[in-house]
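Chemist: Can you read through this structure? Questions will come right after.
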Amino acid sequence: DSGVTQTPKHLITATGQRVTLRCSPRSGDLSVYWYQQSLDQGLQFLIHYYNGEERAKGNILERFSAQQFPDLHSELNLSSLELGDSALYFCASSVAGLAGSDTQYFGPGTRLTVL
Amino acid sequence: AQTVTQSQPEMSVQEAETVTLSCTYDTSESDYYLFWYKQPPSRQMILVIRQEAYKQQNATENRFSVNFQKAAKSFSLKISDSQLGDAAMYFCAYRSARGSGTYKYIFGTGTRLKVLA
């Protein structure tokens, strides 16, 4: 158990809908990262938040947005969902916001299925 | 643009033997980090080992070690004394050393490792 929690574990929804994925980092970790793992695109880095502020963006679509709250939990919002958004969404956390030098601890993921 | 290539979709190793997983990457940056992650059937990603590009010494973590060849842009993972619990998908990853902005964090397509009893 990494100490990172993600809810829900599974989510099934329809095209065009909007969903919110939630992540609670390990106690004491200030950084949260979001990743998408799909059969088509492989594993992709989406976005990084550090202590409430956006730190870096990867291949995140405009239909997707994220935020980190004062209690450091984070939410990833996916809107106007398409079939291709079906994937496993991971969040990870680390102590600080240092690129590369922090060890990231991954949550168990949220499996999103868009029908 | 940075790329990460894992040319071995699948590898097999006998229990207690040694196996090497290959990874090559392409970048114009001089400072970066390289990682190997393990993803067992539970799907949870676990960091296996990390290498800072500015360090010439190869990283080691118990039975796991890397062969980092910066000039050749090669970063292979050696697993010694393979155990059944090592069976998993292994991903090689590259990350820019920049702390913010649109830094690059790129994963390879993975190598599935099977460990034979």
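Chemist: Which one of these is over 20 Å from residue B:90 (Cα atoms), open to solvent by less than 30 Å² (accessible area, probe 1.4 Å) and among the aliphatic types (A, V, I, L, M): A:92, A:87, A:14, A:56?
Modeler: It is A:56.
Chemist: Of the residues in the range A:69-98, how many are within 14 Å of chain B (Cβ to nearest Cβ) and either more than 10 Å from the chain's Cα centre (by Cα) or among the small types (Gly, Ala, Ser) (or both)?
Modeler: If we filter the range A:69-98 for residues that are within 14 Å of chain B (Cβ to nearest Cβ), which is where we start, we get A:87-98.
With either more than 10 Å from the chain's Cα centre (by Cα) or among the small types (Gly, Ala, Ser) (or both) added as a condition, the list becomes A:87, A:92-98.
Counting residues in the range A:69-98 that are within 14 Å of chain B (Cβ to nearest Cβ) and either more than 10 Å from the chain's Cα centre (by Cα) or among the small types (Gly, Ala, Ser) (or both) gives 8.
Chemist: Would it be correct to say that residue A:39 is without any contact (Cβ under 8 Å) to a residue 60 or more places away in the chain and over 15 Å from the mean Cα position of the chain (by Cα)?
Modeler: yes
Chemist: Ok, one more. Starting from residues that are more than 28 Å from residue B:12 (Cα to Cα) and hydroxyl-bearing (Ser, Thr, Tyr), keep the ones in the range B:92-104 and report whichever is modelled with the highest pLDDT.
Modeler: Among residues in the range B:92-104 that are more than 28 Å from residue B:12 (Cα to Cα) and hydroxyl-bearing (Ser, Thr, Tyr), the one modelled with the highest pLDDT is B:96.
Chemist: Restrict the check to the range A:35-53 and report whether at least one residue is open to solvent by less than 10 Å² (accessible area, probe 1.4 Å) and of a type in the set (Gly, Ala, Ser).
Modeler: no
Chemist: Mind listing whichever residues of the range A:75-93 are under 13 Å from residue A:20 (Cβ atoms) and part of a strand (DSSP E or B)?
Modeler: Result: A:75, A:76, A:77, A:78, A:89, A:91.
Chemist: Here's another thing I want to ask about it. Hey, which of the strands (runs of 3 or more DSSP E) in the range B:22-117, taking only ones fully inside, have at least 3 residues that are touching a Leu at 6+ places or on another chain (Cβ under 8 Å), within 14 Å of another protein chain (Cβ to nearest Cβ) and open to solvent by less than 10 Å² (accessible area, probe 1.4 Å)? Please lay out each step first, then the result.
Modeler: Values: elements: B:24-26, B:32-39, B:46-52, B:64-69, B:74-79, B:88-96, B:105-107, B:111-116.
Here the list reads B:32-39, B:88-96.
Chemist: Related question: Given the residues A:112, A:72, which is the only one that is of a type outside the set (Phe, Trp, Tyr), at pLDDT 95 or above and in a strand (DSSP E or B)?
Modeler: Exactly one residue qualifies, and that residue is A:112.
Chemist: Report, by residue number, each residue of the range A:99-115 that is more than 16 Å from the chain's Cα centre (by Cα) and either within 13 Å of chain B (Cβ to nearest Cβ) or under 20 Å from residue B:104 (Cβ atoms) (or both).
Modeler: A:99, A:100, A:101, A:102, A:103
Chemist: Hey, residue A:15 hits all of (1) out of contact with any helix residue (DSSP H, G or I) (no Cβ under 9 Å at 6 or more places or on another chain); (2) assigned to a loop (DSSP other than H, G, I, E, B); (3) in contact (Cβ under 8 Å) with a residue 12 or more places away in the chain but one; which does it fall short on?
Modeler: Answer for residue A:15: the failing condition is (1).
The values are calculated or read from the model by the stated rules, or taken from the named source; none is laboratory data. Fair warning: this is a prediction, and the values are worked out from it, not measured in the lab. Glycine also receives a Cβ, built like all others from the backbone with ideal geometry; neighbour counts cover every protein chain displayed. Just so you know, the surface numbers come from the protein's heavy atoms only, side chains and all, with ligands and any DNA or RNA stripped out. Shrake-Rupley method; radii C 1.70, N 1.55, O 1.52, S 1.80 Å.
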